[in-house]
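*Asks:* I have a structure I would like to understand better, so I am pasting it below and will then ask my questions one at a time.
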Amino acid sequence: MSQTLQTITLGGGCFWCTESVYVEVQGVVDVESGYSNGHLPQPSYEAVCTDTTGHNEVVKLVYDPAVVSTRELLEIFFVIHDPTTLNRQGNDTGTQYRSGIYYSTPEQEAEARAIIAELTTSGHYSRPVVTEVLPLHNYWPAEDYHQDFFARNPTQGYCVAVAAPKVAKFRKTFARLQKA
């Protein structure tokens, strides 16, 4: 492991789903579900669900760039969620489900913008990518019961219907990046 770990925070819909994928990525040493880029200090899940705090459900990733690059993390991100739906992922609607990349370094911002530009010019999606790219602001960890939710509740209905297919898609598409 390198001596310099980095942190990037991603909003790709429900944090249970996003977290369930990134805990399996080699080089990711910590994944924490939380809320970011809203205006309320120390938001709760109940407050965020009112769609009035401005927060996004996110996962904060701590990773070793010597093992997994920012680009690889973002490639996974753009495969496991739909970045073309504004304030929505599947049946989950509201600003807390928006697609967002919240960077902690200028290099992460540049990589995020480059990938979005590539996806846009390639015509990969039939609709425009609406992923916001902003510095991380006002991050707050989610309540303990949200952490490792999929791992602790693999047979829960939402996990079976929504999170498990994202994990399966990651495993199929990015087998080379899966932890042993």
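Every number in this text was worked out from the coordinates using simple rules, so none of it is lab data. None of the values given here were measured: they were computed from a predicted structure. Glycine gets a Cβ as well: all are built from the backbone with ideal geometry, and neighbour counts include every protein chain shown.
*Asks:* Could you grab me the full set of residues in the stretch 30-58 that are within 24 Å of GLU107 (Cβ to Cβ) and in contact with an Asp or Glu (Cβ under 6 Å, 6 or more places away or on another chain)?
*Replies:* Pass one, the stretch 30-58, residues within 24 Å of GLU107 (Cβ to Cβ): 30-32, 34, 36-37, 56, 58.
Within the stretch 30-58, just VAL31 meets the criteria.
*Asks:* I'd like the residue in the stretch 82-133 that is assigned to a helix (DSSP H, G or I) and in contact (Cβ under 8 Å) with a residue 60 or more places away in the chain and, out of all such residues, is nearest to the chain's Cα centre (by Cα).
*Replies:* Applying the filter and picking the extreme gives TYR97.
*Asks:* Among the candidates VAL48, VAL31, single out the residue that is free of Cβ contacts under 8 Å to residues at least 40 places away in the same chain, under 16 Å from TRP140 (Cβ atoms) and buried (at least 16 other Cβ atoms within 10 Å of the Cβ).
*Replies:* Answer to the selection: VAL31.
*Asks:* Additional query: Quick one: is VAL68 touching a residue at least 12 places away in the same chain (Cβ under 8 Å), touching a Phe, Trp or Tyr at 6+ places or on another chain (Cβ under 8 Å) and surrounded by 17 or more Cβ atoms within 10 Å (Cβ to Cβ)?
*Replies:* no
*Asks:* Return the residues of the stretch 153-180 that are within 20 Å of PRO65 (Cα to Cα) and part of a loop (DSSP other than H, G, I, E, B); say none if nothing qualifies.
*Replies:* Result: PHE174, LYS179, ALA180.
*Asks:* While we're here: Say we look at the stretch 80-120 and pick out the residues that are basic (Lys, Arg) and closer than 24 Å to TRP16 by Cβ; which of these is surrounded by the fewest Cβ atoms within 10 Å (Cβ to Cβ)?
*Replies:* ARG88
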